[in-house]
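Worksheet for the structure shown next.
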């Protein structure tokens, strides 16, 4: 039941992320007479401090968070898996170098490095994706490296090598399928982390820029009017919480289902 | 132990050096001319040249790196561009507040997580368990930049129990500590539960019960002491998240610590100060983890001997 609810929330989020531009949304239209108006029967979620409809901004914000999450998880999982797999399979100086780089990257509290990178690069959605990917690849690299190290001496890999398969074939056809379960779980929890991080950067003013909507910047705008218009901080926060909780529920379920021990 | 100590210290030194190099390179990410970004378009060319000279930006990159690292080694962090004061002084002023916040949050997280996890493990699959793990799911999923405003709305604006912001007096510490500690409490309570469930299956637990010890003593002395070891490891790893979360929590509550200083520095384009803040927080994290590892190796010989072979 709870699980179905989570899947529905995520489906809705993904659909909005992909198709929000096709909807007749007006997230940036200001109606001066509606400023700070609470939710009513005609406008379900009310208006913000500039008289913009919160419903439209919420849906536009869903698009921002979905796109950032999609790109960051794609880029960091591909990059991290490629580096971790290659280093572990080839070994030698490449592996030693990667381990050292991973150790150094993990010495930064994750969100702090993202904040610093986004702060230096300047605001904007592209820079958010770059900053979060630059931090995110490390987890996938570490995980895939550990996986390959334990798998590369298995008999079927030796057999494939004896039969003359090249490194790319062995990596893609004989190792990757066996590593996919933990990587999928890592990526699922990764989505939750990226959604929070994107909103966090936007909350700090380092994410997407006005007038574009992000749930994080909506929360920040809302904190200035909490006494008169609490709906401004409640609406985007509940949406954010629902999405993150749904992803986490899905991740827990996947982990139990695929029987991967948590680290 | 000595060999382990030396190896671990050498490893930490390499990491610290790497972290410093990365932090140095951060300023290279500023698009265009960092001096122009920092001073704005109206600055005179003499001012720009002076700042470039002050920051050493007209030197080759490797020379700049060397100057940066040797400055760090002497404890010289440079001058803040905005306040024109030595960065070391600025950091020292803010360190106590961040320490206070993280330690209170950590204390709150442990006070909540240990009883909750124990309760959930002892009454597995009961309503208590479902409730505790439900709280854990809510807690891991709530971002602190939303939990903070929610708590302010409820406890400061509506009920008027605690101040909205600042760090004056224990009353003002409550909401920031709750905000920062909730996520950690959620993660830890899950770990306490699963770790205790595993320990409860062990033979020595059955022996302890068979000896006729009281159930309380069996759980709290024999069970929890062993169950807490993996929890402490997780705690060491989660300190990074706690320090990172402090940056956001401090901003929410205008808490006068290193985190809010970092964000102020970013907003004022005071890049040398940003670098110093990031470096300080990361170094604190590295050193805490090093200390945890060493204490661990001292307690548990399997670690220091196992790695040597």
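Read-outs throughout are calculated quantities, based only on the coordinates presented, and are distinct from any laboratory measurement. Keep in mind that what you see is a predicted model, and the values were worked out from it rather than measured. We place every Cβ from the backbone using ideal geometry, glycine too, and count neighbours over all the protein chains shown.
If I fit a long axis through the Cα atoms of helix B:271-299 and take the longest principal axis of the Cα atoms of chain B, what angle between them do I get, 0 to 90°, rounded to 10? The angle comes out at about 30 degrees. Per residue, the Cα convex hull of the range B:89-165 amounts to 121 Å³. Among the residues of B:127-139, the average count of other protein chain beta-carbon atoms within 10 Å of the residue beta-carbon is 1. With bins 20 Å wide beginning at 0, the percent of Cα pairs of the protein assembly as shown falling in each bin runs 18, 52, 27, 3, 0. Taking every Cα-Cα distance in the range A:156-235 and sorting them into 10 Å bins from zero, the calculated P(r) comes out as 17, 25, 17, 14, 13, 10, 4, 0 percent.
Taking the three principal axes of the alpha carbon atoms in the range A:61-137, the coordinate ranges are 45, 22, 16 Å, sorted in descending order. A protection proxy built from the mean count of other Cβ atoms within 10 Å ranks the segments A:38-45, B:259-266, B:290-297, most packed first, as B:259-266, B:290-297, A:38-45. Over chain B, the reciprocal of the mean inverse Cα-Cα separation, the Kirkwood hydrodynamic radius, stands at 22.4 Å. Per residue of peptide A:113-125, the mean number of Cβ atoms on other chains within 10 Å of the residue Cβ is 6. Note on the range A:1-113: Cα convex hull, mean projected area over all directions, 11.5 nm². Computed from Cα positions, the angle between helix A:54-90 and the longest principal axis of chain A comes to roughly 10 degrees. Taking chain A as the reference, fit the longest principal axis to its C-alpha atoms, fit the long axis of helix A:92-106 to the helix C-alpha atoms, and give the angle between the two in degrees, 0 to 90, nearest 10. That works out to roughly 30 degrees. Computed from the Cα positions only, the extents of the range B:1-49 along the three principal axes stand at 60, 19, 10 Å, in decreasing order. Three principal axis extents of the range B:203-297 based on alpha-carbon atoms, in descending order, are 66, 30, 15 Å. If you take the alpha carbon atoms of the range B:1-84 and fit the smallest convex hull around them, that volume is 110 Å³ per residue.
Set the Cα radius of gyration of chain A against 2.2 N^0.38 Å, with N its number of residues, and you get 1.18. Per-residue shielding of B:42-54, expressed as the average number of other chain Cβ atoms within 10 Å of the residue Cβ, stands at 0. Its DSSP H runs of at least 4 residues, each contributing -39,500 (n - 2.57), put the calculated 222 nm mean residue ellipticity of chain B at -25000 deg cm²/dmol, to the nearest 500. Between residue B:37 and residue A:74, the C-beta separation translates, for a Förster distance of 41 Å, into a calculated FRET efficiency of about 0.85.
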